[in-house]
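Step one of this worksheet: look at the structure below.
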Protein chains: 2
Amino acid sequence: MSIAASADKDMTRATALVYASYGRPTEVLRVLKHTLQPPADDSVQVQFLAAPINPADINQIEGVYPLKPPMTSQLYSSSPFSFASSLPPTSSTSALSDTSDHQHPAVAVAGNEGVAKVIKVGAKVGHIFRVGDWVVMGSSGLGTWRSHGNFKASALTKVRSVEKMTDGGDSSSLDVVQLATLTVNPCTAYRMLRDFRTLSPGDYIIQNGANSGVGEAVIQFAKPLNVKTINIIRNRPGHEQVAERLRQLGATHILTDDQLGKPETKELVKSWTQKNEIKLGFNCVGGKPTTEMARLLSKNAHLITYGAMSRQPLILPASLQIFKNIHASGFWLSAWDDQHAPEERQEMIDHVLDAMRQGQFAQINCSKNQWSATTSDTVALEDRLLEAVKTASSSEHGKQVFVME
Amino acid sequence: MSIAASADKDMTRATALVYASYGRPTEVLRVLKHTLQPPADDSVQVQFLAAPINPADINQIEGVYPLKPPMTSQLYSSSPFSFASSLPPTSSTSALSDTSDHQHPAVAVAGNEGVAKVIKVGAKVGHIFRVGDWVVMGSSGLGTWRSHGNFKASALTKVRSVEKMTDGGDSSSLDVVQLATLTVNPCTAYRMLRDFRTLSPGDYIIQNGANSGVGEAVIQFAKPLNVKTINIIRNRPGHEQVAERLRQLGATHILTDDQLGKPETKELVKSWTQKNEIKLGFNCVGGKPTTEMARLLSKNAHLITYGAMSRQPLILPASLQIFKNIHASGFWLSAWDDQHAPEERQEMIDHVLDAMRQGQFAQINCSKNQWSATTSDTVALEDRLLEAVKTASSSEHGKQVFVME
């Protein structure tokens, strides 16, 4: 008993939202209560502060996202554990990892983005992280919907140094939600504005889904560059408030999607841009409205697709490509991360953090969902968390964020 | 009378296919018989040897092509002239140039591509051209469907020097049809293979409309580079002969369009390419079959659209752009010509000519239509020429070429 008691002191009680098979998130996600071993020499243990529910997280759980996190039972096979409710039966053909057995089916921790605080540091990485540092994930697929986790130091990026905090040098007004949603949307906006065209003051960009997380970040990055934005939102009840919020963020012009394709809209846009060019288009919608948006681009412009909320493909008349020389590419931050050195990623994160510290970014429009790390009632916790996931799957509400306490 | 007789000696009797308003080519085209003044100091007079009927020529006459040649009556207002049949009535709103009057409506000479022989040289351009030189057009919109014409020397590109011919140094086997069809299809293929991806031996490209003029040129340029081609043709009667011809040109593999989108085709293509990449796709068709072709491209590939024979747009699933990083661009040689120096164009033409001289290019599949430059029966000439234009508008036949005699 004394050995167990002593071991217990080093163990951390944790909860995580996991799934053992792909499917509808509310059907396959379960709260797993388990205990974490101390971190290995090359790792740190973190306590999550906040993690958003992004559309890609949902697609990943459904099994329709190209990045599939490895399923494993290592997370909990060496510790006491309990599932809040029993896992759904998986088909006999589902691939289980080698480490799983009947009692410990292989699972993946959901979620890709989040901010966490370092609470334990492995023997060999004390020169990189200190207890109290804040970190974000260095890549996708690590699993962020959990109260605590052990991660290799090399998999994390520091966003707030405990040293500077104690020195008063990092008295940032950034809250956990801004930091938790830093690595996907603002970084996507940052790269799309930089990597395809050189923009000068007075140049225009046009984007649909302008009130998406990326869309709002685009507006806020463009503003201090004096790059003008034409922002397309859906014409539905409340669109006036959406437009007003975007204007406050710095949007230059707003169009509703039903205005696209009309001759008077073409004239209107011309009257806005005058002799300036619309050099970039950002598309997260697809379908015919995006074709109409593409027709508003200037000659030689680049149209970047980073999403397809309408689940419709991009439709480009040949004349737009041949005679107007419109280029069409995609952007996926995960691929960018894979193809660039960690130093380049750190540089990007630092630029985004600087912009945030300088107050260029408004609070994001979100609903916070409390994740009680210490609760013993995991059934109630599971109900609450799955409710947030369900809400996030409907586009009628703002972003849902787990806030761990 | 003696003055007129003396002037007549300097005049050249010419015929041209012209139009005064946009419409169906067989309805708006007329043979215009006129006489040409001697060339101005900065110009040369040429006698056309051959000129093809390209799809873009048809679209231009229909008024649906972005390049619209200037309409003018300068061509014939100072000379005796006659139209083989009367011009169709034009609406009162049709724009006529300043130089036109009731008797001399402004017209455009049809045709954009062709090869011609220099027969008179202006006083100031004797250092550039000699009588007997062969030339092609330096840009689009100059009007090539005519027996003779005066052109500024700067508007022409030399393809065969009379000096070298006399020295026996240009004993080329190139015939007039190859030279007449040099500046559009082979140059388009040449640029598309060079300007988007660096290709190494073993790399693959995939293209639809593989038996088009550009398609055949792509095959023949790719072969000596040891770049492999996957060629898509339509499954219709006679496709076996088409496939056989393409194989003789050097096509690596052939697919018919009905094979696209089938899982076994994907496997087949994988078995062909092994670990090599399909880095480029060339599209002159559009619509769903092109989407299926795009799915066969390797990651990071570039899809170039240079035509839309199906009159359908390009349809690209967002996943192909976001997760496979497929880029889509257009290519239009006229824009390339506008954006590059004449020296660069000359260099390209010389490369293409070299390839032709080295026997890399087979004769193109075409029907020759005789254009009797000296006939006095312009009505019969008009009938014959319009029959060729009509045949060219149907895709069932090979390319139609005017051969002037």
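What follows is calculated from the coordinates using simple rules that are stated; it is not laboratory data. Predicted model only: the values in this text are computed from it and were never measured. As a convention, Cβ positions derive from the backbone with ideal geometry for all residues, glycine included, and neighbour counts pool all protein chains shown.
Hey, what number do you get for chain A at 222 nm if only DSSP H runs of n ≥ 4 count, each worth -39500 (n - 2.57), divided across all residues, to the nearest 500?
One gets -9000 deg cm²/dmol as the mean residue ellipticity at 222 nm.
In this model, which of B:Lys223/B:Lys288; A:Lys288/B:Lys262; A:Lys228/B:Lys288; B:Lys117/B:Lys228; A:Lys117/B:Lys299; A:Lys275/B:Lys68 are farther than 32 Å apart at the alpha-carbon?
In this structure, A:Lys228/B:Lys288; B:Lys117/B:Lys228; A:Lys117/B:Lys299 lie more than 32 Å apart at Cα.
Show me, for the stretch A:315-329, the HN-Hα J-couplings you get by feeding each phi into the Karplus relation (A = 6.51, B = -1.76, C = 1.60, θ = phi - 60°), rounded to Hz, glycine and proline as x.
Karplus-based 3J(HN,Hα) across the stretch A:315-329 equals 10, 10, x, 4, 4, 5, 7, 6, 8, 9, 6, 7, 9, 10, 9 Hz.
What number comes out for the charge environment of A:Asn59, summing +1 per Lys or Arg and -1 per Asp or Glu over other residues with Cβ under 14 Å away?
Taking every other residue near A:Asn59 into account, the sum is 0.
Magnitude of the Cβ-charge dipole of the stretch B:185-335, K/R +1 and D/E -1, about the Cα centre, nearest 20 debye?
240
Taking Cα centroids, how far is the stretch B:259-291 from the stretch A:226-281 in Å?
Between the Cα centre of the stretch B:259-291 and that of the stretch A:226-281, the gap is 39 Å.
Determine the relative contact order of the stretch A:185-335: mean sequence separation of Cα pairs under 8 Å and six or more apart, normalised by residue count, in whole percent.
22
Using a Förster distance of 60 angstrom, determine the FRET efficiency expected from the C-beta separation of A:Asp41 and A:Gln248, and round it to 0.05.
0.80
Placing the label point 7 Å from Cα along the Cα-to-Cβ direction, what are the distances from A:Ser394 to the equivalent spots in the other copies, shortest first, in nm to one decimal?
Taking the point 7 Å beyond Cα along Cα→Cβ, the inter-copy spacings are 6.1 nm.
Suppose each label sits 7 Å from its Cα in the direction of the beta carbon; what would the B:Lys368-B:Lys223 distance come out to in nanometres?
The modelled label-to-label distance comes out at 2.3 nm.
Residue farthest toward the positive end of the dipole of chain B, with Cβ of Lys/Arg at +1 and Asp/Glu at -1: which of B:Pro89, B:Gln45, B:Tyr306?
Going by the charge dipole, the pick is B:Tyr306.
About its Cα centre, what dipole magnitude does the stretch B:343-393 give when the only charges are +1 on Lys and Arg Cβ and -1 on Asp and Glu Cβ, stated in debye to the nearest 20?
Dipole size: approximately 280 debye.
So if I place +1 on the C-beta of Lys and Arg and -1 on the C-beta of Asp and Glu, and nothing else carries charge, what would the dipole magnitude of chain B be about its Cα centre? I want it in debye, nearest 20.
Value, rounded to 20: 960 debye.
Evaluate E = 1/(1 + (r/R0)^6) for A:Lys390 and A:Gln339, where r is the Cβ-Cβ distance and R0 equals 41 Å; express this FRET efficiency to the nearest 0.05.
The calculated FRET efficiency here is 0.70.
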